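In what follows, a single structure is set out as structure tokens and then discussed.
The values are calculated or read from the model by the stated rules, or taken from the named source; none is laboratory data. Treat the numbers as computed from the prediction; the structure is a model and nothing was measured. Here the Cβ is made from the backbone with ideal geometry for all residues, glycine too, and neighbour counts use every protein chain on show.
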Amino acid sequence: MAGVPMLKVRALMRWARGSHWPLGALEDRLELGREHAQELVVALEQGGYVERSLQHRDAAEPYYQVTIRGCALAMAAAGKPIKRKTADRLFAAFLDRVRQTNETDYYLYRVTRVVVFGSYLDQDKQELNDLDLAIDLAAKQADERKQQELMEARIVDAHEKGRDFKNIVDQLGWPQTEVKQFLKSRSTAISLHDAKGEQEIWLNGPHRIVFPAAE
């Protein structure tokens, strides 16, 4: 789309949904020049994937938000379909990693909620595009100052180990990102979402809260 590979466009939709962003954020995210970024956002608007944000209509430059169609593109699977047995195995292993995340002292965030939604809940389907899950994270450290110190130290440690961050947002979000990476365990079949920030994706359709189990 506008010379940008569709996998990158899909990744952009996943990053941008649930927020309002200016053209400059798109430039930084995809490392595009101003003109190329403008071409892309025009193509996204024409395709119905994004629309102007009314919340920022008085801003110096236009702000955009992802539409329902854009959310559908974000959720589209790029890999091969998986069998239900495979999805069951991935789901069980995911919940086990949730337990590990919450029990270890290493990760700075714990998982407070896991929601499963989408085709996995249709028991008649024996072949699925992916396993759709949404999670909430909460800081493990109750003391905000101590939590901030631990996060800053974790970011420094990541830098020392050779990790590069594209921008300040990615850097500040690293302590949460590493939790999500561990939970996904490099599985392309697991589509992981933010339960609070992306409610429009799962709340209005079939879904089940599977953690905590009491819910």
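Residues in the stretch 110-137 that are polar (S, T, N, Q) and touching a Leu at 6+ places or on another chain (Cβ under 9 Å): Thr112, Ser119. Checked against the criteria, Gly162 does not count as buried (at least 16 other Cβ atoms within 10 Å of the Cβ) and either farther than 20 Å from Gln100 by Cβ or in the same structural domain as Asn102 (by TED's automatic domain parsing) (or both). Of the residues making up the stretch 38-53, those that are of a type in the set (Gly, Ala, Ser) and modelled with pLDDT under 90 are Gly47, Gly48, Ser53.
If you go through the stretch 144-168 and keep only what is in contact (Cβ under 8 Å) with a residue 12 or more places away in the chain and either touching a helix residue (DSSP H, G or I) at 6+ places or on another chain (Cβ under 7 Å) or not hydrophobic (A, V, I, L, M, F, W, C) (or both), you end up with Gln147, Met151, Arg154, Ile155, Ala158, Lys166, Asn167. Give me the pairs, please: first residue somewhere in the stretch 196-215 and at pLDDT 75 or above, second residue anywhere and exposed (fewer than 15 other Cβ atoms within 10 Å of the Cβ), beta-carbon distance under 6 Å, and either six or more positions apart or on two chains. Filtered contacts from the stretch 196-215: Pro206/Leu121; Ile209/Glu215.
Scanning the stretch 120-140 for residues that are in a strand (DSSP E or B) and either hydrophobic (A, V, I, L, M, F, W, C) or under 21 Å from Leu108 (Cβ atoms) (or both) yields Leu128, Leu131, Leu133, Ala134, Ile135, Asp136, Leu137, Ala138, Ala139.
On the stretch given as the stretch 93-143, residues that are closer than 21 Å to Ile155 by Cα and free of Cβ contacts under 8 Å to residues at least 60 places away in the same chain total 12. Do you know which of the residues in the stretch 174-198 that are exposed (fewer than 15 other Cβ atoms within 10 Å of the Cβ) and more than 12 Å from the chain's Cα centre (by Cα) is nearest to Thr67 (Cα to Cα)? Looking at residues that are exposed (fewer than 15 other Cβ atoms within 10 Å of the Cβ) and more than 12 Å from the chain's Cα centre (by Cα), I get Thr188.
Okay, residues lined up against (1) farther than 23 Å from Lys196 by Cα; (2) assigned to a helix (DSSP H, G or I):
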site: Gly3; (1), (2): yes, no
site: Lys8; (1), (2): yes, yes
site: Leu12; (1), (2): no, yes
site: Ala25; (1), (2): no, yes
site: Glu35; (1), (2): yes, yes
site: Glu61; (1), (2): yes, no
site: Ala87; (1), (2): yes, yes
site: Arg110; (1), (2): no, no
site: Val116; (1), (2): no, no
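When the residues of the stretch 199-215 are filtered to those that are exposed (fewer than 15 other Cβ atoms within 10 Å of the Cβ) and farther than 20 Å from Ala138 by Cβ, which remaining residue is nearest to the chain's Cα centre (by Cα)? Checked the stretch 199-215; the qualifying residue nearest to the chain's Cα centre (by Cα) is Glu200.
Candidates Asp58, Asp130: the one that is at pLDDT below 95, acidic (Asp, Glu) and closer than 19 Å to Pro206 by Cβ is Asp130.
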